[in-house]
Amino acid sequence: GVGMGMTAPVSITAFPAEDGSFQQKVKVSLRIPSQFQDSPPCPTDDSIKIEERQGMTIYSTQFGGYAKEADYVSYAAKLKAALGSDAAYQKDSYLCNGYDPPMKPYGRRNEVWFVKE
């Protein structure tokens with residue numbers, strides 16, 4: 001029953017299929033606002049979990065526009081190509097991040113993150 005408002009980024013964990021497309025399974029993560037960090041409200045929906053994301057080192061690329069699945073897949077492929085075969089990162093998933101509300105038409109920021117191993 002507590003309204004927390006929207007936070008940024010909205011982070012989607014993608015689990016790529018062999019062809020690079022998203023599998024049916026994705027995980028959407030939202031940051032809990034600072035004033036609720038010490039004592040977050042308990043979810044009433046069993047599919048919602050509160051998790052603490054540990055610090056991480058990432059490889060990242062940024063792009064603009066209204067991001068669709070195809071954009072994230074394309075930029076993930078570009079990031080993978082730029083890193084080459086020597087970079088050690090988690091291959092079974094990556095994070096797709098959007099920073100802007102839907103009504104912001106210009107100057108949008110999206111990122112793809114590969115988590116360094």
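The values are calculated or read from the model by the stated rules, or taken from the named source; none is laboratory data. Since the model is a prediction, treat every value here as computed from it, not as a measurement. Reconstructed Cβ throughout: ideal geometry from the backbone, glycine too, with neighbour counts over all protein chains shown. For accessibility, only protein heavy atoms count, side chains too; no ligands or nucleic acids. Shrake-Rupley method; radii C 1.70, N 1.55, O 1.52, S 1.80 Å.
Structure notes:
- A simple rule links phi to the HN-Hα coupling: the Karplus curve 6.51 cos²θ - 1.76 cosθ + 1.60 with θ = phi - 60°, which for segment 52-60 gives 9, 8, 6, x, 8, 9, 10, 9, 9 Hz, with x for Gly and Pro.
- Measuring nothing but protein heavy atoms, the accessible surface of the chain at 1.4 Å probe radius is 52 percent carbon and sulfur.
- Angle in degrees between helix 69-83 and the longest Cα principal axis of the chain, rounded to the nearest 10: 50
- Centre separation in Å (Cα based) which lies between segment 1-35 and segment 45-117: 10
- Between 13, 61, 44, the Gaussian network model of the chain with springs among Cα atoms under 10 angstrom shows the greatest mean-square fluctuation at 44.
- Stretched out straight at 0.36 nm per residue, the stretch from residue 69 to residue 104 would grow longer than its current Cα-Cα span by 10.7 nm.
- Percent of Cα-Cα distances greater than 13 Å, calculated over segment 58-98: 51
- Size descriptors for the chain: radius of gyration and Dmax over Cα atoms are 15.5, 48 Å.
- Probe 1.4 Å, protein heavy atoms only - accessible area per residue of segment 1-104 in square angstrom: 72
- Filter on 27/104; 49/104; 78/116 - keep pairs with C-alpha separation over 18 Å: 27/104; 49/104
- With contacts taken as Cα pairs under 8 Å at a separation of at least 6 residues, the chain carries a relative contact order of 34 percent.
- Take the Cα of residue 91, go 7 Å toward its beta carbon, and the backbone nitrogen atoms of segment 5-26 under 14 Å from that spot belong to 16-20.
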